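Report on the following structure.
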Amino acid sequence: MNKSYQLAMEEYARLGVNTERAISTLMNVPVSVHCWQGDDVVGFDGGGKASGGIQTTGHYPGVATNFEQLKQDILKAFSLMPGKKRLNLHASYAVLGDDAGKVDRDRYTAKYFAPWVDFAKQNGIDGIDFNPTLFSHKNVKDGLTLSSPDESIRRFWRDHVKSSLKIAEYLATELNTYSLVNIWIPDGFKDVPADRLSPRKRLKASLDEILSTPYDKNKVIVAVESKVFGIGVESYTVGSNEFYQIYAAKNNVCCLLDNGHYHPTEVVSDKIPALLTFYDKLALHVTRGVRWDSDHVVLFEDELKEIAKEIVRCGALDKVLIGLDYFDASINRISAWVTGQRSMQKALLFALLIDHEALAALQDKGDFTQLMVKQEEYKTMPFGAVWREFLSRCDVEEDYYAQVKSYEDQVLSKRK
Ligand code: RNT
Ligand code: ZN
């Protein structure tokens with residue numbers, strides 16, 4: 001056993017923390033890794049550019065532009081990521097083959113995702129989550145999809161989401177694990193609306209119809225993702241937090257909290273126990289907003305640690321479905337992917353290395369003085385040594401830059 005890990009183990013034991021247990025717990029926590037960091041959220045079926053409330057910035061060379069390249073990049077990134085990984089796909093990553101240009105999203109079926117299933121099976125990926133793609137498409141009319149006043153637009157998108165439920169059922173069956181279907185729509189207005197109620201009523205009716213089509217609830221978990229505002233949609237968002245919280249509670253679906261989607265001083269960490277009081281499950285999109293929902297690469301920062309602490313101390317590692325959602329096109333995309341995934345894992349490990357019961361007992365006793373002293377003590381514990389031990393047991397090195405760089409030289413830089 002590595003000497004510094006040995007010492008760290010002893011030091012943590014002094015605080016009542018078992019580092020071995022923390023490491024083995026973390027090994028089994030799946031993190032759903034988003035495919036869209038690899039190609040700046042472009043997908044294979046659109047106009048070659050993200051639109052409709054989504055934007056990436058930067059022009060770092062080597063972006064994946066087709067299925068083969070994206071798979072190759074995912075494998076490289078996954079090889080540098082410790083722990084259990086699921087893959088999070090968007091419908092816009094359908095592998096259409098000869099049907100390209102002939103079939104639209106309202107008629108996507110499982111067969112367009114069979115190549116992804118093969119990929120997951122061949123590479124030991126722990127499941128695939130799925131997202132209908134209600135952006136980067138001509139049928140986003142006046143910024144609206146499921147809440148559009150135009151019935152033909154609403155029908156198109158309802159059919160797309162219904163087909164997504166079927167596809168997710170297939171993914172779950174094939175991979176023998178659930179598939180999370182997250183519904184995010186860009187709907188909203190740039191400027192002061194004249195009617196805030198009707199779009200919400202139409203969104204509710206669209207969701208009601210989508211959910212009335214039967215799907216296997218043991219295999220497919222449906223989530224709805226709210227947002228406070230989006231780029232170009234600054235004044236009003238149809239799918240607001242209150243709207244979806246109530247919708248989800250009344251209709252027995254799940255809420256997905258994206259930590260970039262709230263007011264800047266509002267934190268998702270505090271929402272986790274609030275929601276767990278009422279819901280059996282919830283889903284996360286972990287991101288890092290800098291001044292706004294900028295989707296920067298996730299880093300090992302205070303609010304991320306707080307999110308991880310809530311998941312761990314609520315005993316909710318199997319109730320909170322952790323997914324990543326960021327996209328940076330200004331740096332090496334593989335590195336961006338890996339840094340964000342590792343930050344999430346670091347935060348979980350950090351949280352697993354705390355004796356939460358002892359701290360909660362101090363709170364219940366009203367001993368806030370000692371609680372503060374103890375909480376501060378954890379901040380300077382030899383966390384790095386445990387992290388390095390975890391990495392080595394996952395067969396990955398701490399410094400992945402050299403690997404990223406050589407992949408860039410050998411593969412990415414040769415792309416047109
Ligand atoms: C957008 C939402 C949404 C997307 C992905 C690509 O603000 O966060 O989740 O980022 O679906
Ligand atoms: Zn999101």
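The values are calculated or read from the model by the stated rules, or taken from the named source; none is laboratory data. Predicted model, so just to flag it, every value in this text is computed and none were measured. Ideal geometry is used to build each Cβ from the backbone, glycine not excepted, and the neighbour counts take in all protein chains shown. Heads up: the accessible areas ignore ligands, DNA and RNA and are worked out on the full protein's heavy atoms, side chains in. Shrake-Rupley method; radii C 1.70, N 1.55, O 1.52, S 1.80 Å.
Assess whether residue 213 counts as being more than 13 Å from ligand 1 (Cβ to nearest atom), over 22 Å from residue 129 (Cβ atoms), of a type in the set (S, T, N, Q) and open to solvent by 40 Å² or more (accessible area, probe 1.4 Å). Give the derivation first.
Numbers: more than 13 Å from ligand 1 (Cβ to nearest atom): yes; over 22 Å from residue 129 (Cβ atoms): no; of a type in the set (S, T, N, Q): yes; open to solvent by 40 Å² or more (accessible area, probe 1.4 Å): yes.
Answer is no for this residue.
For residue 113, are the conditions met, namely being at pLDDT 95 or above, assigned to a helix (DSSP H, G or I), of a type in the set (A, V, I, L, M, F, W, C) and open to solvent by 10 Å² or more (accessible area, probe 1.4 Å)?
Numbers: at pLDDT 95 or above: yes; assigned to a helix (DSSP H, G or I): yes; of a type in the set (A, V, I, L, M, F, W, C): yes; open to solvent by 10 Å² or more (accessible area, probe 1.4 Å): no.
When the stated conditions are applied, residue 113 does not pass them.
With the requirement that a residue be surrounded by 17 or more Cβ atoms within 10 Å (Cβ to Cβ) and either within 16 Å of ligand 1 (Cβ to nearest atom) or polar (S, T, N, Q) (or both), what does region 216-227 give you?
Answer for region 216-227, where residues must be surrounded by 17 or more Cβ atoms within 10 Å (Cβ to Cβ) and either within 16 Å of ligand 1 (Cβ to nearest atom) or polar (S, T, N, Q) (or both): 221, 222, 223, 224, 225, 226, 227.
Among residues belonging to region 116-157 that are within 16 Å of ligand 2 (Cβ to nearest atom) and among the aromatic types (Phe, Trp, Tyr), point out the one that is surrounded by the fewest Cβ atoms within 10 Å (Cβ to Cβ).
Once the filter is applied, the top-ranked residue is 135.
For region 344-352, check the following and say yes or no: at least one residue is out of contact with any Leu (no Cβ under 8 Å at 6 or more places or on another chain) and open to solvent by 20 Å² or more (accessible area, probe 1.4 Å).
The first filter runs over region 344-352 and keeps only residues out of contact with any Leu (no Cβ under 8 Å at 6 or more places or on another chain), leaving 346, 350-351.
Going one step further and asking which of them are open to solvent by 20 Å² or more (accessible area, probe 1.4 Å), we end up with 346, 350.
Yes, region 344-352 has at least one match.
Can you pull out the residues in region 134-157 that are in a helix (DSSP H, G or I) and under 9 Å from residue 202 (Cβ atoms)?
154
Could you look through region 12-65, keep only residues that are more than 26 Å from residue 96 (Cβ to Cβ), hydrophobic (A, V, I, L, M, F, W, C) and not in a loop (DSSP other than H, G, I, E, B), and pick out the one that is farthest from ligand 2 (Cβ to nearest atom)? First the steps, then the outcome.
Step one: list which residues in region 12-65 are more than 26 Å from residue 96 (Cβ to Cβ), which gives 12-31, 57-61.
Imposing the further condition that a residue be hydrophobic (A, V, I, L, M, F, W, C) reduces the set to 13, 15, 17, 22-23, 26-27, 29, 31.
From what is left, the residues that are not in a loop (DSSP other than H, G, I, E, B) are 13, 22-23, 26-27, 31.
Values: 13: 39, 22: 28, 23: 29, 26: 24, 27: 26, 31: 15 Å.
Of everything passing the filter in region 12-65, 13 is farthest from ligand 2 (Cβ to nearest atom).
Matching residues to (1) within 16 Å of ligand 2 (Cβ to nearest atom); (2) within 16 Å of the chain's Cα centre (by Cα); (3) in a helix (DSSP H, G or I); (4) at positive phi:
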residue	(1), (2), (3), (4)
257	yes, yes, no, no
261	yes, yes, no, no
264	no, no, no, no
270	no, no, yes, no
274	no, no, yes, no
280	no, no, no, no
285	yes, yes, no, no
290	yes, no, no, no
293	yes, yes, no, no
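So residue 60 fits all but one of (1) open to solvent by less than 30 Å² (accessible area, probe 1.4 Å); (2) aromatic (Phe, Trp, Tyr); (3) over 24 Å from residue 320 (Cα atoms); what number is the exception?
(1) is the only condition that residue 60 fails.
Which pairs do you get when a residue that is within 20 Å of residue 43 (Cβ to Cβ) and among the aliphatic types (A, V, I, L, M), found in region 59-85, comes within reach of a residue that is open to solvent by 60 Å² or more (accessible area, probe 1.4 Å) and in a loop (DSSP other than H, G, I, E, B), reach meaning Cβ atoms under 7 angstrom, with the pair 6+ apart or on two chains?
75/123
Tell me whether region 290-299 contains one or more residues that are open to solvent by 40 Å² or more (accessible area, probe 1.4 Å), away from ligand 1 (no atom under 16 Å from the Cβ) and in contact with a Ser or Thr (Cβ under 8 Å, 6 or more places away or on another chain). Give the derivation first.
Within region 290-299, the subset open to solvent by 40 Å² or more (accessible area, probe 1.4 Å) is 290-292, 296, 299.
Imposing the further condition that a residue be away from ligand 1 (no atom under 16 Å from the Cβ) reduces the set to 299.
If we keep only those that are in contact with a Ser or Thr (Cβ under 8 Å, 6 or more places away or on another chain) too, we end up with 299.
Yes: region 290-299 contains one or more residues that are open to solvent by 40 Å² or more (accessible area, probe 1.4 Å), away from ligand 1 (no atom under 16 Å from the Cβ) and in contact with a Ser or Thr (Cβ under 8 Å, 6 or more places away or on another chain).
Given the condition of a type in the set (S, T, N, Q), open to solvent by less than 40 Å² (accessible area, probe 1.4 Å) and touching a Gly at 6+ places or on another chain (Cβ under 7 Å), answer yes or no: does some residue in region 28-47 qualify?
Filtering region 28-47 for residues of a type in the set (S, T, N, Q) gives 28, 32, 37.
If we keep only those that are open to solvent by less than 40 Å² (accessible area, probe 1.4 Å) too, we end up with 32, 37.
Subsequent filtering for residues that are touching a Gly at 6+ places or on another chain (Cβ under 7 Å) retains 32.
There is at least one residue in region 28-47 that is of a type in the set (S, T, N, Q), open to solvent by less than 40 Å² (accessible area, probe 1.4 Å) and touching a Gly at 6+ places or on another chain (Cβ under 7 Å).
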